[in-house]
1. What accessible area, in Å² to the nearest ten, does a 1.4 Å probe give for B:Asp156?
2. At a Förster distance of 41 Å, what's the computed FRET efficiency of B:Thr21 paired with A:Glu43, Cβ-Cβ distance as r, to 0.05?
3. Please list A:Glu40, B:Glu283, A:Glu25 from largest to smallest accessible area, probe radius 1.4 Å, with all protein chains kept in place.
4. Answer rounded, prolate or oblate for segment B:32-211, using the Cα gyration tensor with square roots of eigenvalues a ≥ b ≥ c: rounded when a/c is under 1.5, else prolate when a/b is larger than b/c, else oblate.
5. Pull out the extension gain between B:Glu288 and B:Met1, defined as 0.36 nm times the separation in residues minus the alpha carbon to alpha carbon distance; nm, one decimal.
6. Across segment B:73-81, in residue order, what do the Karplus-derived ³J(HN,Hα) couplings come to in whole Hz, using 6.51 cos²θ - 1.76 cosθ + 1.60 with θ = phi - 60° and x for Gly and Pro?
7. Just to be sure I understand the model, the point goes 7 Å from the Cα along the line to the Cβ. What's the resulting B:Arg153 to A:Lys22 distance in nm?
8. Taking each residue of B:161-168 in turn, how many C-beta atoms of other protein chains fall within 10 Å of its C-beta, and what is the average?
Amino acid sequence: MTFIDVFLTEDVLCKVCRRSLKKVERWVDVNGMKVYAYYEFDEMMSTLFHRYKEAHDQALGKLFLHPVHAAFDKKFKGKTIVCVPSSKKKREQRGFMTLHTILGESRLVRVDVLEKLSDEKQSLRSAAMRREIQHEMLLANPMLVEGKDILLFDDIVTTGSSMLACSGLLRENTRSLTHVCIAIHPSFLKIKGKGRDKATKTGD
Amino acid sequence: MECMRCGNRSKRYFAVYQGKTVCRRCIGFTGDIADIQANSGEVSIHLPFRLSETQRKASKTIYQASLLKDVLVNAVCGAGKTELVYETIAKTLEASKTIGLAIARKQVVLQLAKRLTGAFPGIRVQAICEGHTNILDAQLFVVTTHQLYRFPRMFDCLILDEPDAFPYVGDELLEGFARMACRGRMIYLTATPDREMLRRVKKQEMVEVMVNVRPHGYPLPVPSIRCAPYFIQLILVKRWVEKTKGRKLVFVPTIRQAVFIARLFKWKQVSAKSKDLQEKIDEFANNEDGVLICTTVLERGVTFENAQVCVVMAQHPVFNEASLVQIAGRAGRSPRYPKGEVLFLCGYKSRSCLNCMNILLRSNKDASFASTP
């Protein structure tokens, strides 16, 4: 967190709500992937994301990376951001790109190279069906990520299937791959003994 | 500028997203709009009992008044408020108009939908509340106040039960939903009208229909108040439970207190946090000599035969005047056991306790002048 973060950016959440968010801010092991998570995906986070993504309340986009916007840029300096994609239907329905709004004023370069072919919502699928997503993701333009340090960015990681599928597509073409999410399911935080230590050693 | 769903006029809630103005106060309510099907033909009412003379008079008055103005049905607890509006429902439906019932609490919605299905056999009644939002077409809707946004300007008459109950009371958003859902007249059903409603009655913006007597004709149980320090209250409540016959409801102000007393005396307790709330309520209803400790979660919307009531720490701010009147109203509701016992244990006689007693005494005194529109 930097001076600019604390004093010069305005929070869209009140202090009471901000305090009720459970911070993680560390590397977490998700099915063998190291994912940097900012918050735990609890009831409060779920309500906020529902309001943001399903009720299309765009103003909330700013809150997820507040007040660590500048620190985010500093931490992942030099990387190119690739966002985990939503389906075309969902994008049209919302009228805005949820992850891009969250990233807001981040100065890191962003490229949209991934596409989601299915319109089905991940959260409505069973755990087994979620794994099928690897067949529904497409790397549309591999040239744009070739030889680069890529930061794969998603908002929520509940089973890790979407991120794993995107990671699989990108890994072969990129120089390095870092995974970052806003909120992570608490089940990944419970096994912190192994996952955390291992991740921290090799993490950024 | 006014939001068509919640009636918000405050500029700070409006935002412009992609050139469209949206109201951020009600943006989280994203469900589909309901479809009210018009009724054609006569509507018959099936009741397993006969309405009392007072109820019949009040029913007629409510319907006639609702054609002209908003109506406040100020009826004591256990007076059969829902039955009082059956005639209005039937006649409004017969006139091919739309009518709906809104209640703050989900459990009451489900119970009431069942009762109305039995009372109006030819009418398709649908409950809409959390977890019951798949079917959105019917002739008569019973909904929680949170779901009223699905009915923009759809009701010719909207009956609002317990407008003084949590979470409706004081919530501008829910009040806005109710206001925007109704294009005609509102009927408020309550035993404890607030100042605003009484002010509207005084200004003749609204007609008040009072029913001060229960169908069985017995007076309302008036609480006896005993002042004692907290630990003495615990001894007194223990003795009261041992001495009293019938179902005993012990109200406490907080969940912590409920858990503490339940552990101390090995009684069962329920609160809004109880996962098996309905099961415990059913179990208590089936046990003729049971004891149940509860928070204000059971202060309204529940009826137990032969229930006696005790309130521990009745001076606590949680128990306001309306809340205590409702709690006292749990006793003596059944025609088989029309007399109930109500005991308030408190550290000192709070204004709410005294006001509650005065309201009940006044209602009993006025009972002979029941139904004075």
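The values are calculated or read from the model by the stated rules, or taken from the named source; none is laboratory data. Small disclaimer: the values here were computed from a predicted structure and weren't measured. Every residue, glycine among them, receives a Cβ derived from its backbone with ideal geometry; neighbour counts consider all protein chains shown. Remember, those area values only see protein heavy atoms, side chains included, never the ligands or the DNA or RNA. Shrake-Rupley method; radii C 1.70, N 1.55, O 1.52, S 1.80 Å.
1. The accessible area of B:Asp156 comes to roughly 40 Å².
2. With a Förster radius of 41 Å, E is 0.85.
3. Numbers: A:Glu40 40, B:Glu283 95, A:Glu25 70 Å².
Most to least solvent-accessible, the answer reads B:Glu283, A:Glu25, A:Glu40.
4. On the way: a/c = 1.42, a/b = 1.08, b/c = 1.32.
Judged from the Cα gyration tensor, segment B:32-211 comes out rounded (a/c under 1.5).
5. Values: separation 287, 0.36 × 287 = 103.32 nm, distance 5.69 nm.
Gain on stretching B:Glu288 to B:Met1: 97.6 nm.
6. The phi angles translate into 8, 9, 10, 5, 4, x, 7, x, 4 Hz.
7. 4.6 nm
8. On the way: counts 0, 0, 0, 0, 0, 0, 0, 0.
The mean count of partner-chain Cβ atoms within 10 Å per residue comes to 0.
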